[in-house]
Each structure stands twice: as C-alpha cells, then as structure tokens.
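The values are calculated or read from the model by the stated rules, or taken from the named source; none is laboratory data. If you're wondering where the values come from, they're calculated on a predicted model, not measured in any experiment. Ligands, DNA and RNA are excluded from the accessible area calculation, which covers all protein heavy atoms including side chains. Shrake-Rupley method; radii C 1.70, N 1.55, O 1.52, S 1.80 Å.
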Amino acid sequence: MSQPPDENGRLTGLLQALRVPEPSAEFLAGARRRYRDAIEGRDRRQVLTGLGAALVGLAVVVILLGPTVEPAGLPASLARVATDLARWTTGVGVVLALVPLAIWASAALASTAAVLSLVLVARRDR
C-alpha cells in the first residue's frame, strides 16, 4: 500500500541523477503567463466576491431601514443639516468680523500658554 519512507535519500539521489532536457524558453514563458493569468483570475474573483458581499450588506441595510424612514425624510434631513451649517458659518463670520484682532491675538497666546503649561506639568509628573 504505502511505501516506507526513504531514509537514506536514495530515491532523491536517483531522481536528481536522471538526465532531463532543459525546458524551452517558450515553455517557461507560457508557464509564467499561465501562472500570472491564474493569479489575476483568483484576485479578480476575490475582489468580485468582496464587492458582491458589500452590495448584499448594503441591500440588507436599505431593506431594513426602508420601513423605518419615510422616503422624503432623508432629503429633508440633509436640507436641515445644510441650513444649520450655513447658519453656523454665517455666525462664525460675524464673530470674526466684529471681534478686534488684538483680542484674537491675546486669546491665541493665552490658549498656547495654557496648552504648554499642561504639557510641562504632564512631563514633570513622569
């Protein structure tokens, strides 16, 4: 049934002693090309499998969220977020225009000094 293990390496030596012609350049080039094609095919299948799984997951999320969210709710919430963002941007612009540069400079220096003092205290405790 099964052959005993080749303990003295006799079979390996005999196989290495066999004379075989060197494979042709065409054969080697074809083997490399087939190997590259097989690897590319495997990678392509993996990518398509991942894309399919992502699309199935997205479909499941959409199906589960469909009954909970009315169709007009999403655009309405996006419009609400856009108006809030515009309102905040306008408010920041007004504050920046009304507060003098000297106050901004002193606030920046005070913030920098506070952060540096915290860093120094944290370093000293180590």
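Below, the figures for the structure above:
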quantity	calculated
Rule-of-thumb Rg ratio for the chain [Cα; 2.2 N^0.38 Å; N residues]	2.57
Solvent-accessible area per residue, Å², over the chain with all protein chains present [probe radius 1.4 Å]	93 Å²
Square roots of five times the Cα gyration tensor eigenvalues for the stretch 65-126, Å	42, 23, 4
Full-stretch length increase - residue 70, residue 125 - with 0.36 nm per residue and alpha-carbon distance subtracted	14.3 nm
Of all accessible heavy-atom area on the chain, the percent that carbon and sulfur account for (1.4 Å)	69 percent
